[in-house]
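In what follows, a single structure is set out as structure tokens and then discussed.
The values are calculated or read from the model by the stated rules, or taken from the named source; none is laboratory data. Quick caveat: nothing in here was measured; it's all calculated off a predicted structure. Quick reminder, even Gly has a Cβ in these numbers, built from the backbone with ideal geometry, and neighbours come from all protein chains shown.
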Amino acid sequence: MLDALDDLTDADLVAKCREGRQAAWSTLVRRFQRLVYTVPRRAGLSDEQAADVFQFTFSRLFEHIDKLDDGARVHAWLVTTAKRETLRLLEQSRRIVDLAGPAGSEDGDTEDPLERIADPAPLPEAMLGELQEQDRVRRALERLEPRHRQLLELLFLQDEPPPYAEIAARLGIAEGSIGPTRARALDKLRQLLASM
């Protein structure tokens, strides 16, 4: 069942968070959690480091929510904060590697230290666009009725989709109705994406 807060704009949701509404915070975290996790994972950080970036990013938002000029830009603020913390962790891990010993070949050639410094430039526009599109799809999926959402998650969000017989059993529907139900769910998802 969807929370009424799920339909709020980012700016309205931030306003509810500023009022101290716990449900608004939960909705905000749920809305952006995958996006924030994606930044460190794409940079090659471990699951544990990605969790650290996640916790740091949302902790900083909690501390600075009242200073956020435009609540509608919370998406960009979260991405920027996650990128900065990701770069900090990457640089920290590079320093640890540097302390372990000099880089280079056995004949004494060493790697240029400038090549080991993390690029502080923002993520390429294409990658940011892809992250935003993934977030749009996730938000649209959350607005589908539960039966349709569960079916699409089983079919498309698993590394190995389960057999139709297992899907039918899990959802309590006839195996032969999976195809038509999938078509209806995808049509509804397209409509939601078009309206967002």
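Brief remarks on what is shown
- A single entry from Val29, Val74, Val14 fulfils the requirement of being outside any loop (DSSP other than H, G, I, E, B), more than 30 Å from Glu91 (Cα to Cα) and at pLDDT 90 or above: Val14.
- Among the candidates Leu78, Leu68, Leu90, residue that is in contact (Cβ under 8 Å) with a residue 12 or more places away in the chain and surrounded by fewer than 17 Cβ atoms within 10 Å (Cβ to Cβ): Leu68
- Qualifying residue in the range 77-91 (condition: part of a loop (DSSP other than H, G, I, E, B), modelled with pLDDT of 85 or more and under 16 Å from the mean Cα position of the chain (by Cα)): no
- Candidate set: the range 42-59, residues that are within 18 Å of Arg30 (Cβ to Cβ) and not hydrophobic (A, V, I, L, M, F, W, C); chosen: the one surrounded by the most Cβ atoms within 10 Å (Cβ to Cβ): Thr57
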